[in-house]
Amino acid sequence: MAALFIDSTYDITLGILDENLGWIQFERFSNQKASAIIQTQTNNLLIKSNLKISDIESIITVAGPGFYTGLRLSEGFADVFSFSNRKILSFLSYDIPAYSGVKSGVWMTKAYRGEYFFHFWDEHSSRNELVQAKNLSDFMKTIDMDNFYIHSDAAVDDISRQYFSNPKTTFELLKENSDSVFEAILKAQPRIDSFYFRAPEDEFKVSL
């Protein structure tokens, strides 16, 4: 049985995985409104793969970090499949390097309110940090660029882009290492909450 992959954190990426967790189809749709194309392009991928919707056993989505509208799109689309007892799994894009065997590094993306989100990990621990644009130049001087990742070019902006060139991307890692990444996800079998750069109690707290 096959699995449907959806990443709508920035540009929308759709894929179909075979039973060995290899890509049957994998396609990114840049500069298009995700909500307008997700149903049509999912159907197109199924047709290209000679599959029917009944052949999809599970749905795997990227749960963030990302913006509310994009994450709710993939989460809502997956919910439709859950009504027919499909297995729903999700994961965070900054975990892709670790799932691919990268033992330590830094992952960055643009966030809300002129901030930038960083995820640091090694074999023993991990942590997240939000950095304001005014502090980004000094902060980037502390980063080891040997294992520096972004998700894709759509996940950064002109301000941050001036501090690196030709960065590694978790989009390419996922494309090249689907078996190891999704094997780890299937073993964990999580469906995690969407992550909007901060813990929910911080992101949605009421100002007094």
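Yes or no, residue by residue, for (1) under 20 Å from F91 (Cβ atoms); (2) of a type in the set (K, R); (3) not assigned by TED's automatic domain parsing to the domain that holds F120:
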position: T13; (1), (2), (3): yes, no, yes
position: F29; (1), (2), (3): no, no, yes
position: I37; (1), (2), (3): no, no, yes
position: K48; (1), (2), (3): no, yes, yes
position: I59; (1), (2), (3): yes, no, yes
position: A63; (1), (2), (3): yes, no, yes
position: G66; (1), (2), (3): yes, no, yes
position: L71; (1), (2), (3): yes, no, yes
position: G76; (1), (2), (3): yes, no, yes
inquiry  = Being buried (at least 18 other Cβ atoms within 10 Å of the Cβ) and either of a type in the set (V, I, T) or closer than 12 Å to T42 by Cβ (or both) is the filter here; which residues of segment 3-24 pass it?
reply    = L4, F5, I6, S8, T9, I12, T13, L14, G15, I16
query = Among the numbered criteria (1) over 18 Å from T109 (Cα atoms); (2) touching a strand residue (DSSP E or B) at 6+ places or on another chain (Cβ under 8 Å), which single criterion is violated by R72?
reply = (2)
task = For E57, work out the one condition from (1) loosely packed, with under 12 Cβ neighbours inside 10 Å; (2) touching a residue at least 40 places away in the same chain (Cβ under 8 Å) it doesn't fulfil.
result = (1)
request  = Taking Q132 as the residue in question, decide whether it is within 29 Å of N31 (Cα to Cα), without any contact (Cβ under 8 Å) to a residue 24 or more places away in the chain and touching a strand residue (DSSP E or B) at 6+ places or on another chain (Cβ under 7 Å).
outcome  = yes
Failed criterion for D138 (all others in (1) outside any helix (DSSP H, G or I); (2) over 30 Å from L17 (Cα atoms) hold) = (1)
message = For the list (1) assigned by TED's automatic domain parsing to the domain that holds D146; (2) under 20 Å from D153 (Cβ atoms), I need the number of the one condition that S104 fails.
response = (2)
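The values are calculated or read from the model by the stated rules, or taken from the named source; none is laboratory data. These numbers come from a predicted model, not from an experiment. Using ideal geometry, Cβ is built from the backbone for each residue, glycine included, and neighbour counts are taken over all protein chains shown.
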